[in-house]
Every structure is written in structure tokens, then in C-alpha cells.
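Throughout, read-outs are computed from the coordinates displayed, never taken from laboratory work. Computed from a predicted model, the values in this text were never measured in an experiment. Note that we place each Cβ from the backbone using ideal geometry, even for glycine, and neighbour counts take in every protein chain shown.
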Amino acid sequence: MVILVDTSVWVDYFNGVASPEVDALHDLLAGAELVLGDVIVMEILRGFRSERDAIRAEAALRRYDIRSLLGAEAAVIAAQHYRYLRQRGVTIRKSNDVVIASWCLSQACGLLYTDRNFDPFVEWLGLRRVSP
């Protein structure tokens, strides 16, 4: 199974935070079919205060397959997912999370995350959460 790792886990990884998700990421880095999303790369790199650290992180991230998560069709599907969840009383506050979850759904890709915004996608739309 292809696995996408959300920004929430990567940020903890780069900040040296100990968590089950970071431990799972360490395991995945050893050989799983891991992909990154362009939006996730942007979110990770924008958080570095030091240009030197950002450049090192970018080099590390470029070792993995970086996929474009949003195109014309994907945008329409993401909006449909957002409306579907909103009709069920769930409002996802970050558009990037809608894009990430929708891409994973369209690719039958697992998602490793710590951000609760993805839980409704698991519950209502069948997103495959990668459990640590």
C-alpha cells in the first residue's frame, strides 16, 4: 500500500518529538512505499526558521516521490468531500487537509497523521488511516 505522511507527523519528526506516529514514520522510512504531497512539502518547509535547516530538510524530502495533490478534477472532488462532511455537521477548517485526504481517497492511499481534521474522512468517507 502506498502511504502518504501528513505534515503533522513530519513536523514532529523534524522537531524531534517522540510519538507513536513519529516511530511509525521511522519504520516507513526504512522501505515502505512512501510518497509526499507537494502541499505537504510546502507546509513543512515554510516552518523552518533557518534557511540552512530548510535546505537540508528539502534535500531529505526530495529522496521520496513527491506528487501533485491538486488539479482541476481533484479540486472538484475535494470540494464535494468538503460539502459532504459539512452536510453531516463537520467543518474542516484547513483546505489543505481536504486536499490531502481527498487525494488519498482517490489513490486508495493510506495516511499517517496526528491532525484530528482527518478523522471525519476516516469515519464518513473511508480514508485509510495508517495506525502507528
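Helix 95-107 against the longest principal axis of the chain: what's the angle in degrees, Cα atoms only, rounded to the nearest 10?
80 degrees
Helix 72-87 against the longest principal axis of the chain: what's the angle in degrees, Cα atoms only, rounded to the nearest 10?
60 degrees
So what is the calculated 222 nm ellipticity per residue for the chain, using -39500 (n - 2.57) for each DSSP H run with n of 4 or more, over all residues, to the nearest 500 deg cm²/dmol?
After summing the helix terms and dividing by residue count, I get -17000 deg cm²/dmol.
Separation between the GLU123 and SER106 pseudo-spin-labels, each 7 Å from Cα along Cα→Cβ, expressed in nm?
If labels sit at GLU123 and SER106, their model points lie 2.5 nm apart.
Multiply the residue separation of THR91 and ALA59 by 0.36 nm, subtract the distance between their alpha-carbon atoms, and state the gained length in nm to one decimal. Working shown, then result.
Details: separation 32, 0.36 × 32 = 11.52 nm, distance 3.50 nm.
Residue separation times 0.36 nm, minus the Cα-Cα distance, leaves 8.0 nm.
Starting from the Cα of MET1, step 7 Å along the direction of its Cβ; do the same at GLU73; then give the gap between the two resulting points in nm.
Result for the modelled spin labels: 2.4 nm.
With a bin width of 10 angstrom, please list the P(r) values of the chain as percents of all Cα-Cα pairs, from the 0 bin to the one holding the largest distance.
In order of increasing distance, the bins hold 12, 45, 33, 10, 0 percent.
Expressed as a rounded percentage, what relative contact order does the chain have, with Cα pairs under 8 Å and six or more residues apart?
With pairs under 8 Å counted, the relative contact order is 33 percent.
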